[in-house]
Amino acid sequence: MVATPVASDTPVAETPPSRPPRDVRGLLLRALLSASGGVLVYLSFPPRTVWWLAPVGFALLAWTLHGRRARAGFGYGVLFGLGFLVPLLAWTGEFVGPVAWLPLSLACAALIGLGTAAMAVVSKLPLAPLWAALLWVADELLRGVFPFGGFPWGKIAFGQPEGWYLPLAALGGAPLIGFAVALTGFGLAAVVRNLRARPLVPALLVVVPLAAGLAANGLVGTDASEGTAVVAAIQGNVPRAGLDFNSQRRAVLDNHVKRTLELAQDVRDGKQPQPDLVIWPENSSDIDPFRNADAALRIQQAAEGIKAPIAVGAVVLGDDGLPRNTVVLWDPERGPIDTYTKRKLQPFGETMPYRSFFRIFSKLVDRANNFQPGTDPDGFVMGPAKVSLDTCYEVAFDEIVRENVKTGANLIAIPTNNATFGYTEMTYQQLSMSRVRAVEHGRAVVVAATSGVSAMVAPDGHVTQKTGMFTPAALVERVPLRGQTTLATRLGAWPEWVMSALGLLAVAFSLTQKRREARPEPEVGPGEEDTDGGPAGAA
């Protein structure tokens with residue numbers, strides 16, 4: 001007889017399904033591609049002129065994000081952001097060291113990671129490159145308000161003063177340029193991915209932004225609708241690069257007075273035209289001329305010598321005893337008659353966010369000052385020009401420049417002090433912002449820097465004159481005064497808000513679709529009726 005096995009009530013332990021092995025190679029490759037994409041975007045920024053590297057960098061980012069979960073998208077985005085921002089923001093370490101530079105870079109990279117997490121969510125949707133580019137705009141909007149009151153220094157538009165996208169600034173400002181660059185890059189990745197399928201639509205997403213930029217050239221105005229003005233930008237130079245120049249404030253003031261008086265002699269000799277107005281840099285007088293009679297006398301001598309009003313960048317103490325970064329309008333006959341106080345202050349320099357916290361890591365944070373911001377956007381009437389003043393760091397903020405221009409300005413002046421940052425790329429990055437603002441608002445821009453680079457920028461973003469670094473100079477040029485308002489100026493922040501909202505709606509739609517796909521269908525037993533009252537399985 002054959003024994004019949006007896007059934008046992010003892011449960012048999014099931015072997016848990018083995019997890020698929022982690023694709024370490026693929027993970028490392030995607031991480032490398034993400035970081036490399038960020039480095040390529042950094043390399044697209046001035047002083048280099050390889051603007052086309054930015055779309056290539058975005059293409060690498062898109063390749064790593066496709067089909068990934070949000071968590072992976074966040075990680076790859078942080079790597080992309082670090083590859084982009086760590087070298088881009090190296091100049092911030094010149095003031096208080098790595099305690100500012102590296103945490104700031106990491107914070108901004110983490111914000112980019114939030115955006116790329118959302119891009120991963122929409123990466124399987126139809127027209128995924130479009131939604132991803134819109135989300136990049138939303139991410140730049142977030143970085144414009146956070147951290148530390150916003151730090152938009154890494155806006156993609158600021159790396160495009162030489163590129164085909166620049167004319168788009170006249171239509172939708174810096175956000176539209178950023179959208180176009182990102183769309184080209186994301187579309188390029190989709191073209192490569194769909195080479196064997198249907199690459200036509202992705203190819204259009206690559207071509208249309210470039211074609212739009214070229215077509216927008218015809219909308220960039222340069223005519224002098226409100227006449228012209230002869231403008232002089234004075235670069236007096238500083239005793240030496242770095243922070244030590246602050247200990248020689250009188251020497252900086254004397255340098256600017258001296259270079260202005262030299263220009264006045266050139267005017268008398270017929271070598272230069274008589275200026276209608278003169279722009280001195282930010283911090284050209286770190287001695288308060290309202291409290292120091294000798295400083296006031298020296299500025300008055302310069303104004304009388306050049307026979308034109310001077311916009312003097314000065315450090316002025318308020319009634320509360322705290323400093324203000326102020327531009328003083330100094331008339332050769334009436335002396336100081338108006339002021340503009342910088343409204344957007346630079347963290348880790350003019351102010352120190354969370355000073356007590358960061359002091360734990362370095363006492364260098366106490367080198368940062370405690371400036372107080374201004375509130376009035378109105379600039380100066382200087383001869384035939386109504387001048388919008390955007391002091392140094394302010395040029396990075398869309399709303400600050402726009403509000404100042406909308407006071408009726410027909411000329412933009414950027415007084416700046418870059419001596420603190422030595423020979424870093426900061427001054428070139430700032431000049432590229434000035435070129436974008438020229439096109440965005442259809443105004444000539446005068447950049448006056450203590451140590452360089454000072455420049456004259458035409459309304460189409462073309463640099464007509466510029467100085468070297470750490471050398472005394474005076475730029476004199478007849479510039480157009482324009483009263484026309486560009487579409488970007490009229491629309492204000494609306495393009496950025498609309499693009500951001502569309503991107504977020506795409507994320508919401510994708511999440512809703514995934515929930516529906518993941519929801520299990522109810523089981524219907526034999527003979528049971530479905531919810532419509534029909535037999536189970538009826539179509």
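The values are calculated or read from the model by the stated rules, or taken from the named source; none is laboratory data. Keep in mind the model is a prediction, meaning the values are calculated, not measured. Don't worry about glycine lacking a Cβ; one is built from the backbone with ideal geometry, like all the others, and counts go over all protein chains shown.
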(message) Kindly evaluate ALA224 against the criterion of being modelled with pLDDT of 95 or more and outside any loop (DSSP other than H, G, I, E, B).
(response) no
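Count, please, the residues in region 308-351 that happen to be part of a loop (DSSP other than H, G, I, E, B) and surrounded by fewer than 18 Cβ atoms within 10 Å (Cβ to Cβ).
8
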(message) Condition first: surrounded by fewer than 24 Cβ atoms within 10 Å (Cβ to Cβ), assigned by TED's automatic domain parsing to the domain that holds SER36 and over 16 Å from LEU511 (Cβ atoms). Can you find one or more residues in region 114-121 that meet it?
(response) no
(request) Would you mind listing the strands (runs of 3 or more DSSP E) fully within region 389-492 where at least 3 residues are within 20 Å of the chain's Cα centre (by Cα)? (result) 411-416, 445-449
(message) For a quick check of your reading of the model, give me the residue pairs whose first member lies in region 316-343 and is at pLDDT 95 or above, whose second is of a type in the set (Ser, Thr, Tyr) and not in a strand (DSSP E or B), with beta-carbon atoms closer than 7 Å and at least 6 apart or on different chains.
(response) ASN325/THR391; VAL327/THR391; LYS342/THR391; ARG343/THR375
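Among GLY422, GLY408, GLY383, which is touching an Asp or Glu at 6+ places or on another chain (Cβ under 9 Å), modelled with pLDDT under 95 and surrounded by fewer than 23 Cβ atoms within 10 Å (Cβ to Cβ)?
On the way: GLY408 fails: modelled with pLDDT under 95; GLY383 fails: modelled with pLDDT under 95.
Answer to the selection: GLY422.
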(request) Return the only residue of LEU166, LEU195, LEU214 being out of contact with any Leu (no Cβ under 7 Å at 6 or more places or on another chain), closer than 23 Å to SER500 by Cβ, not assigned by TED's automatic domain parsing to the domain that holds LYS258 and not charged (D, E, K, R). (result) LEU166
(request) Only residues that are over 22 Å from ASP460 (Cβ atoms) and polar (S, T, N, Q): list them for region 405-426, please. (result) THR407, ASN417, ASN418, THR420, THR424
(message) Suppose we filter region 116-150 for residues that are farther than 14 Å from LEU502 by Cβ and in a helix (DSSP H, G or I); how many remain?
(response) 7
(message) Given the options PRO47, PRO55, PRO87, name the one that is exposed (fewer than 15 other Cβ atoms within 10 Å of the Cβ), under 23 Å from the mean Cα position of the chain (by Cα) and touching a residue at least 24 places away in the same chain (Cβ under 8 Å).
(response) PRO47
